[in-house]
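Report on the structure given below.
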There are 2 protein chains.
Amino acid sequence: ERKEISREILCRLNSLTKPQGSLGRLEDLVLWYGLACGQSLFPDPGGVVCVFASDHGIAMSGVSAFPQVVTVEMVKNFANGGAAVNVLARQAGLELMVLDMGVNADLSFLPSVVNAKVAYGTQNFLTQRAISPSEMVQAMKTGFDLSVKLKVQGKGFLVLGEMGIGNTTSASALISALLELPPVLVTGRGTGLDDRGYRKKLEVIEQALSLHGPTISFPLEWGMAVGGFEIAAMAGAILGASTVGLPVILDGVITSASALLAWRICPRVKHFLLAGHVGHEIGHKAVLEHMGLTPVLDLDLRLGEGTGGVLASQLLKSAICLFHQMATFEEASVSGKI
Amino acid sequence: ERKEISREILCRLNSLTKPQGSLGRLEDLVLWYGLACGQSLFPDPGGVVCVFASDHGIAMSGVSAFPQVVTVEMVKNFANGGAAVNVLARQAGLELMVLDMGVNADLSFLPSVVNAKVAYGTQNFLTQRAISPSEMVQAMKTGFDLSVKLKVQGKGFLVLGEMGIGNTTSASALISALLELPPVLVTGRGTGLDDRGYRKKLEVIEQALSLHGPTISFPLEWGMAVGGFEIAAMAGAILGASTVGLPVILDGVITSASALLAWRICPRVKHFLLAGHVGHEIGHKAVLEHMGLTPVLDLDLRLGEGTGGVLASQLLKSAICLFHQMATFEEASVSGKI
């Protein structure tokens, strides 16, 4: 069936008034989209960007340039429409959904934020597992159910975004563990650590891997040991999306760590994933290369929130508009090759 | 004055609720835009994409995969709204203008096409100069005046696009001459030449350079010897844009050849140029590297028409929306770095 869908999409692409293949990566995007949806005929897609917010116990160990309270402050900024992802979502015509997966403050007074809080932040993974098994199931189920719901509602694609002070440390630890690469090869400076902060971050990750490594026998356990509620929820969302045929656009290193976790659980998810961009964090690049995902954009972004994914979604939409709206050689009476 | 504008723009960028510099290339785009406009305060820009269409005498020498009649057929396709650039311009909210600079057919019956015809195609540059001095002046003046008019009308930026069977041969010959690089290093397969066609194209360019080289003493003469009316017009448009402060977004190898010609005439134009993408044609990459222009997108496009420039303009618009609409740390009460 995948072959038939590919054939139909390529046939239409090759009938449009352009030299064959001349839209390059945009033609790949159309093909990816159709295969992920499971159909060669699809409407211009309306997409949604979901920002999963959560706090991290590890933030107490001095691994971020910003204080933990910034997580809740930024969620309020999302609710008020003032953050980068708000601006980009408005401009790209995407719906924005913010989920409190585990922010370390009561946010139930914010009506526009979905309350899916698992706990008030994870545990500090320098002393114990960040997430308990029941918390892991709860967080992943939230993401899984969300994807199913979005597909039922007729959404065309899901852009993953996140917010959480300390979460590049969590993501880098998870990537280091799952790729079996030393932390220094997959850890960056996050939101802007200085040299001392960066050395501290590396030490923390090394300690965490030594502490938890001997007790772990499969990938999901690494998600519990060093992950976060937002990372677990996004991994669940990817698994859900692959079940119902909802295309997913990744953003930065944290969403990519989620994708890596989901992929280790179920390799089939890869067909449903688009790497929106490759950014500043070296762990991001390592995951994309390992999974064989080619990023659409390379703009040196290091903001997260889903910003790179939303920017890439504009190109996906452009590609689909071209697919739907361009005239064919026949319609326009344009001559073919000599 | 440039320093003052830079300072004001960076000051605003650093006040927005994001880690400093975390919007990467998008921050550079805002800075470039403000400097090109000559102001730190500017509205959300409305842009225009201008497609310069023209025919080439060299198309008679078997250098293209498509017959020359495709130029006029595609201009009709532009007029009817069915080409790739039409779809992308609509989606990006850009105005589209199509100029007949020298198509080898009467197009005066198409009211939506600007009649700026210099002649019914250039001469075949294997036997004589493609363009006479008076034709060169006329074509360049058309472009120059257009940029001035667009600026007066309040347009925010100009995306350059082109259509003309044979024009990658003209562009590659011009690039080879101006960069003093052998044709094989700056010549690609255009719209899809096979091996035999590609060898023919290389031979044609080599012959043309040998024929004209001994008679030429400055860059503009190369534009007349092997250029095209659309290339001359775009070089004029770039010179005009740099005079009035209109930011210009380049597309593929042909627009880049125009930029190289304009730059050799007046190096100051560089500040007004954004490389929208780097594409499939090796001459394109060579020009951008030589001029020190970093492309925004890398999508393996090889269509022309301004398509890559329009796609890049979406990112420029995103960057400017972020600059205007994001909340500051103060407005959103978000904490700064520890």
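The values are calculated or read from the model by the stated rules, or taken from the named source; none is laboratory data. Here the structure is a predicted model, which means the values were calculated and not measured. Cβ placement follows ideal geometry from the backbone for every residue including glycine, while neighbour counts extend to all protein chains displayed.
Okay, here's what the table says:
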{"read-out": "Count - residues of segment A:61-82 that are closer than 21 Å to A:G47 by Cα and surrounded by fewer than 22 Cβ atoms within 10 Å (Cβ to Cβ)", "value": "4"}
{"read-out": "Number of positions in segment B:83-114 that are free of Cβ contacts under 8 Å to residues at least 24 places away in the same chain, assigned to a helix (DSSP H, G or I) and touching a strand residue (DSSP E or B) at 6+ places or on another chain (Cβ under 9 Å)", "value": "2"}
{"read-out": "Hey, A:A257 in contact with a helix residue (DSSP H, G or I) (Cβ under 7 Å, 6 or more places away or on another chain), outside any loop (DSSP other than H, G, I, E, B) and over 21 Å from A:A59 (Cβ atoms) or not", "value": "no"}
{"read-out": "Every pair of residues 6+ apart whose Cβ atoms lie under 6 Å, when the first sits in segment B:239-264 and is buried (at least 24 other Cβ atoms within 10 Å of the Cβ) while the second is among the acidic types (D, E) and assigned to a helix (DSSP H, G or I)", "value": "none"}
{"read-out": "Check on B:L150, more than 11 Å from chain A (Cβ to nearest Cβ), within 30 Å of A:G21 (Cβ to Cβ), at pLDDT 95 or above and not in a strand (DSSP E or B)", "value": "no"}
{"read-out": "Count - residues of segment A:304-334 that are in a loop (DSSP other than H, G, I, E, B) and either modelled with pLDDT under 95 or more than 8 Å from chain B (Cβ to nearest Cβ) (or both)", "value": "3"}
{"read-out": "Given (1) out of contact with any strand residue (DSSP E or B) (no Cβ under 6 Å at 6 or more places or on another chain); (2) within 7 Å of another protein chain (Cβ to nearest Cβ); (3) at pLDDT 95 or above, number of the condition B:G292 does not satisfy", "value": "(2)"}
{"read-out": "Flag for A:G279 being crowded, with 24+ Cβ neighbours inside 10 Å and outside any helix (DSSP H, G or I)", "value": "yes"}
{"read-out": "Matching residues, segment A:220-239, being closer than 14 Å to A:T122 by Cβ and of a type in the set (D, E, K, R)", "value": "A:E230"}
{"read-out": "Within segment A:167-220, tally of residues that are among the polar types (S, T, N, Q) and surrounded by 24 or more Cβ atoms within 10 Å (Cβ to Cβ)", "value": "7"}
{"read-out": "Verdict on A:L10 being modelled with pLDDT of 95 or more and farther than 27 Å from B:L26 by Cα", "value": "yes"}
{"read-out": "Qualifying residues in segment A:70-82 (those that are more than 19 Å from the chain's Cα centre (by Cα) and touching a residue at least 24 places away in the same chain (Cβ under 8 Å)) - the one nearest to the other protein chains (Cβ to nearest Cβ)", "value": "A:V70"}
{"read-out": "Any hit, segment B:264-273, residues being out of contact with any Asp or Glu (no Cβ under 9 Å at 6 or more places or on another chain) and in a loop (DSSP other than H, G, I, E, B)", "value": "yes"}
{"read-out": "Residue in segment B:83-122 that is nearest to the other protein chains (Cβ to nearest Cβ), counting only those that are of a type outside the set (A, V, I, L, M, F, W, C) and surrounded by 17 or more Cβ atoms within 10 Å (Cβ to Cβ)", "value": "B:Q91"}
{"read-out": "Residue within segment A:200-215 that is in the same structural domain as A:E162 (by TED's automatic domain parsing) and outside any helix (DSSP H, G or I) present", "value": "no"}
{"read-out": "Members of segment A:14-26 that are in a helix (DSSP H, G or I) and either facing chain B (nearest Cβ under 9 Å) or β-branched (V, I, T) (or both)", "value": "A:R25, A:L26"}
{"read-out": "Total residues in segment B:1-42, condition closer than 20 Å to A:G81 by Cα and more than 23 Å from the chain's Cα centre (by Cα)", "value": "11"}
{"read-out": "Only one of B:I249, B:I231, B:I254, B:I282 that is modelled with pLDDT of 95 or more, touching a Gly at 6+ places or on another chain (Cβ under 8 Å) and within 14 Å of another protein chain (Cβ to nearest Cβ)", "value": "B:I254"}
{"read-out": "Members of segment B:29-68 found to be of a type in the set (F, W, Y) and either away from chain A (no Cβ under 14 Å) or in contact with a Leu (Cβ under 9 Å, 6 or more places away or on another chain) (or both), listed by number", "value": "B:W32, B:Y33, B:F42, B:F52"}
